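These notes are about the structure you will find just below.
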Amino acid sequence: MNEPTSEFEEIDVSTTPEARKSFQEALEDLRADVIRLGALTTEAIGGATQSLLDADLAAAEKVIEHDDLVDHLYHSIEDRCFLLLARQQPLASDLRAVVTVLRIIHELERSADLMVNVAKTTRRIFPHPLDPKARGIIDEMGIQAANQTRIAIDAFADADGSRAAALADMDNTMDDLSKSLFRHILSWGNTDEGSIQQAVQLALVARHYERVADHAVTIAERVQFMVTGMHPGAEPTDEVFA
């Protein structure tokens, strides 16, 4: 009986001009799908935020179901990256591009998962409405998370290291919003079960948005590495991946 083989075994590694052209085309397809994954993630941020603000259970369920599309695209991109690495011998800049794609899709998939958690919060605190101040802060957090994610993906799409470097400065805005929400929650002073449950859930929501912003910053750092061959903050050395 023949031993089972994986799709990575006995792969013909070629560096002919035709193979290089094929590699570049595959890399461009990956780039397009990363941008698409970024759009799906940004859509999830908006949808989850709005479902929470409106106490809209149908909208929350849509975000939860939408996550299957994110997961499917994530795994498709990941598999193709592994195949590219196995079939080709990428030059340093191309190798950085593939590795960057692998890192970015992980950050985007995690951000989308966090928005599923926000959508589930809509169900957990239903039918208790959000007070106006909490609504305002959460609305701002959703906008900020979507903007940071969008800027990070735009920087990747344009291979723009300068735009990516500027993203870290935006992270303070999300930190300030999170602190504002925590302070507001602590000011409630209510001890009934419904209020306590809502306070706990909104504290978790604040953390979810903070983590989405952190994922966007990580994406930006990976873009900087892809463009320059250096990690942000690293000292120049002779071992830069040119």
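The values are calculated or read from the model by the stated rules, or taken from the named source; none is laboratory data. Note that the structure is predicted; figures quoted are calculated from it, not measured. Reconstructed Cβ throughout: ideal geometry from the backbone, glycine too, with neighbour counts over all protein chains shown.
If you filter the stretch 128-158 down to residues that are more than 24 Å from residue 34 (Cα to Cα) and in contact with a Phe, Trp or Tyr (Cβ under 9 Å, 6 or more places away or on another chain), you find that the one that is modelled with the highest pLDDT is 138.
Looking only at residues in the stretch 147-182 that are among the hydroxyl-bearing types (Ser, Thr, Tyr) and over 14 Å from the mean Cα position of the chain (by Cα), the one that is farthest from residue 106 (Cα to Cα) is 180. Taking the criterion of being over 27 Å from residue 83 (Cβ atoms) and charged (D, E, K, R), the only residue of the stretch 18-50 that qualifies is 43. Taking the listed residues 90, 127, the one that is surrounded by 15 or more Cβ atoms within 10 Å (Cβ to Cβ) and touching a residue at least 24 places away in the same chain (Cβ under 8 Å) is 90, with no other qualifying. If you go through the stretch 92-122 and keep only what is β-branched (Val, Ile, Thr) and in contact with a Cys (Cβ under 9 Å, 6 or more places away or on another chain), you end up with 98, 99, 101, 105.
Only one of the listed residues (162, 111) is among the polar types (S, T, N, Q) and over 16 Å from residue 212 (Cβ atoms). That residue is 162. Whether a residue is within 22 Å of residue 208 (Cα to Cα), at pLDDT 95 or above and under 16 Å from the mean Cα position of the chain (by Cα) was assessed, and residue 31 does not pass this test.
May I ask you to verify whether residue 56 is of a type outside the set (A, V, I, L, M) and without any contact (Cβ under 8 Å) to a residue 12 or more places away in the chain? No; evaluated as a whole, the condition is false for this residue.
The requirement of being over 20 Å from residue 48 (Cα atoms) and at pLDDT 95 or above is fulfilled nowhere in the stretch 61-70; no residue meets it. Looking only at the stretch 79-90, residues that are in contact with a Lys or Arg (Cβ under 9 Å, 6 or more places away or on another chain) and within 22 Å of residue 158 (Cβ to Cβ) come to 1 in all. Within the stretch 224-236, residues that are loosely packed, with under 12 Cβ neighbours inside 10 Å reach no partner that is assigned to a loop (DSSP other than H, G, I, E, B) and modelled with pLDDT of 95 or more with beta carbons closer than 7 Å at six or more positions or on different chains.
Which of the residues that make up the stretch 37-80 are outside any helix (DSSP H, G or I) and not acidic (Asp, Glu)? Hit for the stretch 37-80 is 55, nothing else.
Every residue, every condition in (1) modelled with pLDDT of 95 or more; (2) among the small types (Gly, Ala, Ser), yes or no:
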{"residue": "14", "(1), (2)": "no, yes"}
{"residue": "17", "(1), (2)": "no, no"}
{"residue": "36", "(1), (2)": "yes, no"}
{"residue": "44", "(1), (2)": "yes, yes"}
{"residue": "48", "(1), (2)": "yes, yes"}
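Meeting the requirement of 3 or more residues that are β-branched (Val, Ile, Thr) and in contact with an Asp or Glu (Cβ under 8 Å, 6 or more places away or on another chain), the helices (runs of 4 or more DSSP H) wholly within the stretch 125-239 are 193-228.
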